[in-house]
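Here is the structure we will look at.
The values are calculated or read from the model by the stated rules, or taken from the named source; none is laboratory data. The structure displayed is predicted, hence computed values, not measured ones. Here the Cβ positions follow ideal geometry from the backbone for every residue, glycine too, while neighbour counts run over all protein chains shown.
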């Protein structure tokens, strides 16, 4: 994923610049030390513009989360050409669980998972994450359904298989940035690939 | 799991009372609105005792996290008698992913996952979660190794299979409290049980 280019197109767009400033401030200070003041320090225009748009840090962060998730979704490998549903599904898994997370990818995933920590006690965050999870589940279920129609996959329950894959991917990405280890990502990727081959792919 | 009894034995123990006060305050206010003042409001003894023990909110919360994880580990079904490793492994999965999360269990998981959101930007939290994840992985790998010795499980890589199971369980519990839905827990449980039967259990 092209996290490196996340804000490459910010240019003079005020909204994109605010989002970039939020990203930088979150990366430097973490959620608990984050203030609008510190976001303002990263913002090239007048701080007062931020206060004109957002009443509180949390209101700004909810907009930021929406922006992050949109970026992630826009970058998903869905429009490329795939030979079949198995290749498509494996590409989706590889995209979310790459062999190595570079620094930009780690910052990006860290920002999302830090905001996720607000969700247990904040319904607005919960709704955003529920919608994002649902988006990945639906996309994954569609690929599995295509595979069943193509005769590539067995006649499994697409929703259940998709929920399982999305949950494992999420768990691995969350552990990657909250426990600072590559092991869960590697194990999840290998076992998910085995799952696709042994549980989903139809016998010849 | 007996979350309901988490603090049943607090009694007059000052440390346990501080932990209980932290739990109540976190439950009511969430991480971002949590202050030592608010923890003190839930504490039956003098607030100054808290300041004597902890210099900052984060120092107190790291102790609290350690306490939570110890409670979770102490309650794990490891000493019970099991017919074989398959039953043991399925009990571990069921314990972490019950059919329904009651309110106490939700509060408990919510508190842990809220603290997990601090980890991307805080090494002390990262180390705690790395140790907790490692504990579950090692325990799960031991059960799988027992199963291989018993001839119940195939000769799989115990570490990899354990990492996969722990990651999926973690992803489902995290989604449960950050996206407010039972679906990922149900799908993860069903597919993990299928994984145990089809990937781990040896053919007769």
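Side notes on the structure shown:
- Meets criteria (under 12 Å from the mean Cα position of the chain (by Cα), in contact (Cβ under 8 Å) with a residue 40 or more places away in the chain and within 25 Å of residue B:116 (Cβ to Cβ)) for residue A:100: no
- Counted residues, segment A:113-126 - those being under 24 Å from residue A:98 (Cβ atoms) and either surrounded by fewer than 22 Cβ atoms within 10 Å (Cβ to Cβ) or without any contact (Cβ under 8 Å) to a residue 60 or more places away in the chain (or both): 1
- Subset of segment B:186-202 that is in contact (Cβ under 8 Å) with a residue 60 or more places away in the chain and buried (at least 23 other Cβ atoms within 10 Å of the Cβ) - its residue that is farthest from the other protein chains (Cβ to nearest Cβ): B:192
- Against the test of being more than 11 Å from chain B (Cβ to nearest Cβ), more than 25 Å from residue B:156 (Cβ to Cβ), surrounded by fewer than 20 Cβ atoms within 10 Å (Cβ to Cβ) and in contact with a helix residue (DSSP H, G or I) (Cβ under 8 Å, 6 or more places away or on another chain), the options A:180, A:155 yield a single qualifying residue, A:155.
- For segment B:9-108, the helices (runs of 4 or more DSSP H) that sit wholly inside it and include 1 or more residues that are modelled with pLDDT of 85 or more and not assigned by TED's automatic domain parsing to the domain that holds residue B:154 are B:14-29, B:36-41, B:48-53, B:57-74.
- Condition check for residue B:129: at the interface with another protein chain (Cβ under 7 Å from one of its Cβ atoms) and surrounded by 23 or more Cβ atoms within 10 Å (Cβ to Cβ): yes
- Checked against the criterion of being within 18 Å of residue A:170 (Cα to Cα) and under 15 Å from the mean Cα position of the chain (by Cα), the candidates B:186, B:116, B:160 yield just one match: B:116.
- Positions within segment B:158-177 being free of Cβ contacts under 8 Å to residues at least 24 places away in the same chain and more than 7 Å from chain A (Cβ to nearest Cβ), in sequence order: B:158, B:159
- When residue A:142 is tested against the conditions (1) at the interface with chain B (Cβ under 8 Å from one of its Cβ atoms); (2) under 22 Å from residue A:191 (Cα atoms), the lone failure is (1).
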